[in-house]
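Asker: What follows is a structure written as structure tokens; I'll ask about it next.
The values are calculated or read from the model by the stated rules, or taken from the named source; none is laboratory data. Since we're looking at a predicted model, the values are computed, not measured. Please note: Cβ atoms are built from the backbone with ideal geometry, for glycine as well, and neighbour counts cover all protein chains shown.
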Amino acid sequence: MDQPFSCARMQGFGFPSAPSTPGAYVVAADTPINRAVGSDEYGILTIGESDDLRRRMTSFASCALSYGTEGHMAGWRFSFLRFERYFPFAKLRIRWRATETKEKANELEGKMLLAYLSKHLELPPLNYQFNWSLFKGGNWDLFDVMIGLKEPPAELPIPISVTPTLEP
């Protein structure tokens, strides 16, 4: 069974409370971020998924703290683009939800990205691509609803507002 979201502050390279299981995660600053449309009050910097949450979070930290280190694109971008100047690493928060399978983690990441994109009309700053898995099999009705071409059906296959609260 999928677990509720857990939350922690970034603490160097170790995430002992994060499970070594599949899941989705959100890395956020401790301050709101202005977006193309509105302000992201949660300060979300990246949304991701992994087959091993602890390893993925450790990889993010390693790349974010060591300029030029490869292995996690969002961590690399955090370091390369000097996000530390605006969002100190020690103040970042990470939130995750363990899932039963990698496929469920991928689906949860897609739902969170879709919710973010539908609210701000752009991805979080450290995400560089959208997870299109929700649209496999021609499920473009979700996209049409998201951009306002269609009215939402009575039963959406996913909730549009799935962005997790990031309060510690």
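Asker: Return the residues of the range 98-130 that are touching a Gly at 6+ places or on another chain (Cβ under 7 Å) and either acidic (D, E) or buried (at least 21 other Cβ atoms within 10 Å of the Cβ) (or both); say none if nothing qualifies.
Answerer: Hits for the range 98-130 are A98, T99, A105, E109.
Asker: In the list R85, R55, which residue meets the criterion of being free of Cβ contacts under 8 Å to residues at least 12 places away in the same chain and out of contact with any Lys or Arg (no Cβ under 6 Å at 6 or more places or on another chain)?
Answerer: Only one candidate qualifies: R85.
Asker: For the range 68-82, name all the residues that are surrounded by fewer than 16 Cβ atoms within 10 Å (Cβ to Cβ) and among the aliphatic types (A, V, I, L, M).
Answerer: The answer is L81, and nothing else.
Asker: Also: If you go through the range 51-72 one residue at a time, do you hit one that is within 18 Å of F87 (Cβ to Cβ), in contact with a Pro (Cβ under 9 Å, 6 or more places away or on another chain) and either at pLDDT 95 or above or of a type in the set (D, E, K, R) (or both)?
Answerer: Checking the range 51-72: not a single residue is within 18 Å of F87 (Cβ to Cβ), in contact with a Pro (Cβ under 9 Å, 6 or more places away or on another chain) and either at pLDDT 95 or above or of a type in the set (D, E, K, R) (or both).
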